[in-house]
């Protein structure tokens with residue numbers, strides 16, 4: 001996220017992010033399995049049928065997040081500072097480890113992942 005956005009883990013920001021994710025959780029055949037909101041970024045565990053579906057879904061999520069967070073802050077402009085990073089999880093062990101890392105990150109602040 002851009003620097004001016006502030007801490008995403010504050011209750012108000014978290015609710016806006018959670019709603020944006022819920023609204024786009026199943027678009028383009030993509031399923032948002034789990035998410036974790038950190039101070040300045042968001043971790044997503046996503047199932048996607050292909051790269052195009054993933055890219056389209058994440059682009060839509062970026063737009064929804066920008067509009068929602070800008071509305072909350074009564075401002076306009078860039079919210080997402082850069083591209084997203086993708087890591088393909090190939091085994092059940094990698095998925096379990098990713099979920100464990102997301103749970104650990106979520107336990108550091110009052111706003112929790114689901």
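Taken together, the values in this text are just the output of simple stated rules run on the coordinates, not laboratory data. Not measured: the values here are computed from a predicted model.
Apply the a/c threshold of 1.5 to the C-alpha gyration tensor of segment 1-42 and tell me whether it is rounded, prolate or oblate.
prolate
How tilted is helix 51-73 with respect to the longest principal axis of the chain? Cα atoms for both, answer in degrees (0 to 90, nearest 10).
30
Using only C-alpha atoms and all pairs of different ones, pull out the Kirkwood radius for the chain in Å with one decimal.
14.6
Given 0.36 nm per residue, what is the gain on full extension from residue 22 to residue 101 after removing their alpha carbon distance, in nm?
Separation in residues times 0.36 nm, less the Cα-Cα distance, equals 26.3 nm.
Per DSSP helix of 4 or more residues, -39500 (n - 2.57); summed, then divided by the residues of the chain. What does that give at 222 nm, rounded to the nearest 500?
-15000 deg cm²/dmol
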